[in-house]
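Quick notes on the structure that follows.
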Amino acid sequence: MANLSNEEIKLVLICFFFGGGLILHALSRKRSVRKIEDTPRSKVASAPQGYVELQGFAWPAAGGKVERNAQGHETVYYRLALQRAETRGSGKNRKKVWVTVFSYSTDTPFYLIDATGIALIDPARTWGNPALSVESQVRSVAAKVTNFASGMGVLGSVASLGLEGFAGGRNAIGDGGGYETDLGTGRPKAWSRHSTEEKALICKRVGKIAGVSFPPSNFLFGLFSDEFRVIESEICVGSPLYVHGDFKTDSQNAITAQVPGLTEFASRVFNADARAQKNLTHFLDKDGDGKVSAIEAMRGYTFAARQARLKAKDQLTGEKTFEVHGRMGSSAENRLFIADLHEEHLVARKQRYGSLEIAAGILLMFASLFGFFVGFGEIGRQIASP
Amino acid sequence: MSGLVIFVLIILVVFAFVFMGIYNGLVRLRAQLERAWSNIDVILKQRYDEIPQLIQVVEQYTSYEAGVLKELAQARGHYGQARTIPEKIEASKEMSLALRGVFAIGEAYPELKSNQNFIQLQSRISSLENTIADRRESYNEAVANFNTRIEQFPDILAARLLNYSRQESFQASAEERNHQPNLKMNLPKFGQGA
């Protein structure tokens, strides 16, 4: 073991924990990818009871509330957090933290439609007591350790990176309860970067907040106003949807539904006779590379949904009656997971930078161990004069 | 030296955890495969139970297609005797072929086609066939995942330890895809030949 100064010990620990955090984070994502890839997909009309994987498109439930995001698009799932920058500490320990001053969320059920029918996705529904499952308890402990570690300065912050991944994913807007989401939205965006229309919609939703001067004043370019940022997380109507969780059917009573625009959307997207999705590559592939990217799929299908909803004008005239084959939620064994992409794009998103993270994590941990045993000074001398 | 020992121990512990993960992953895949098959089996059993009623209804309307009905009864018998998954898959394919022949009878004999019992049974069995087809896709996906994983390195090491081998998928045979039922099409005059 080398004789290390206090600074070198700190460097060893930072490298070790940061590397460990990166590896944990990458392994957690890999575990999630493996679960997605290994689970065979079911079709809604023939889905068995218990743990299933479904894939389709999102649609508002009959009679359900439809929220609009800051761009004015209809959503089936919506979360909004308004955060204000605050300065904590003094002198060298001075740092900026973001504090949530307003949050809004909807966990109302919505539909997943595929070529064979409709399933009701119910984020708030849990069968049994999920808190009793081993996975939930491990995640709960990991979440507590993460919160504790993130308050321990630099060391804790970097270690908490990996633990967050293991604890169920970053969710700045608050705990998703018994379910988990992986959405392409949810990144913070500075207030100043929103358009005038978006700001108006957000202000309308947020309203007045006691003790907070919102919206910020533009006087002298907002120099003396608080700094705000907005985090929006949503699943738009018509968005590709991937779900796995616990599926339950009501074999006693057939539940049916009519929803504005669904018949038109289903006829555009599905071949009902073949019980399969149509190949719409020629419509969706805007850049002409022969492949439909995640963004192209999202934009194309949500556009088709908007067109169908506009055409229906919120009326049920001419709408087919669809059978709701079952309800999906969480259970003690299976946590509901919702993503706004289909499987191939979801796996690609989760695997992005995965190998790089693991490689970087291993390098940092080896570096920390070498530094611990050999000493950074010695390493530097060896590098300088081989 | 003690540093080297600690380093080697850490590496061994990491490998142990990795192997444990692979082992558990394979066991989970196997369990999913078995569950996917169970989900088909329950529907095959339901179809098996519907067939006697179907034969009874069809027999009332025609004695000219006894051969087709006999094929169906034999196929049902084979399924009842099947014990392993490959045997059940073969018997199920035989049943599907035989059922097509029986439903073709319905098309050829208008009196039968308009019989309410026949209509209900046909609808019920068609619905079951659709469910079997959907769950067959799901089962085949589970089989493909399993077969791929047990042949990849390093999972192949754990697969050998667990004595896992390739599984057969549930594919439609060429005969099932191309089969055209051979009906006698001798339509008796009303009141005759019953």
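Calculation over all alpha carbon pairs of the stretch A:251-323 in 10 angstrom steps from 0 returns a P(r) of 19, 39, 30, 10, 2 percent.
Globularity index of the stretch A:1-120 is 1.73 (Cα radius of gyration / 2.2 N^0.38 Å, N = number of residues).
Close amide H pairs (under 5 Å, H built 1.01 Å from N) link A:T116 with A:V44, A:A45, residues at least 5 positions away or on another chain. Within the same chain, aspartates and glutamates fewer than 8 places from A:K96 are excluded, and of the rest, those with a Cα less than 18 Å from its Cα are A:E86, A:D226, A:E227. When +1 charges are put on Lys and Arg Cβ atoms and -1 charges on Asp and Glu Cβ atoms, the dipole computed for the stretch A:252-301 relative to its Cα centre reaches about 100 debye. Around the Cα centre of the stretch A:1-53, unit charges on the Cβ atoms of Lys, Arg, Asp and Glu (plus for the first two, minus for the last two) sum to a dipole of about 340 debye. Peptides A:30-40, B:74-84, ordered by how many other C-beta atoms sit within 10 Å of their residues on average, highest first, read A:30-40, B:74-84. Its relative contact order, with pairs defined as Cα atoms under 8 Å and 6+ residues apart, puts the stretch B:1-132 at 28 percent. Per residue of peptide B:27-33, the mean number of Cβ atoms on other chains within 10 Å of the residue Cβ is 2. Placing dummy labels 7 Å off each Cα toward the beta-carbon, the span from B:F19 to A:R187 is 4.2 nm.
Across A:V66, B:V8, the residue with the most accessible area heads the list, and the full order at a 1.4 Å probe is B:V8, A:V66.
Shielding value for A:264-276 is 0, the average number of Cβ atoms from other chains within 10 Å of each residue's Cβ. Placing a label point 7 Å from the Cα of A:V212 along the Cα-to-Cβ direction, the residues of the stretch A:59-90 with a backbone N closer than 16 Å are A:79-87. Set the Cα radius of gyration of the stretch B:1-160 against 2.2 N^0.38 Å, with N its number of residues, and you get 1.63.
Peptide B:93-104 is shielded by partner chain Cβ atoms: per residue, an average of 0 of them sit within 10 Å of its Cβ. Packing around the peptides A:113-120, A:357-364, A:300-307, taken as the average count of other Cβ atoms within 10 Å per residue, puts them in this order, highest first: A:113-120, A:300-307, A:357-364. Taking only the alpha carbons of the stretch A:175-236, we obtain Rg and Dmax values of 14.1, 46 Å in that order.
The values are calculated or read from the model by the stated rules, or taken from the named source; none is laboratory data. Worth saying up front: this structure is predicted, and the values here are computed from it rather than measured. As a convention, Cβ positions derive from the backbone with ideal geometry for all residues, glycine included, and neighbour counts pool all protein chains shown. These accessible areas exclude ligands, DNA and RNA; they are computed on the full protein's heavy atoms, side chains included. Shrake-Rupley method; radii C 1.70, N 1.55, O 1.52, S 1.80 Å.
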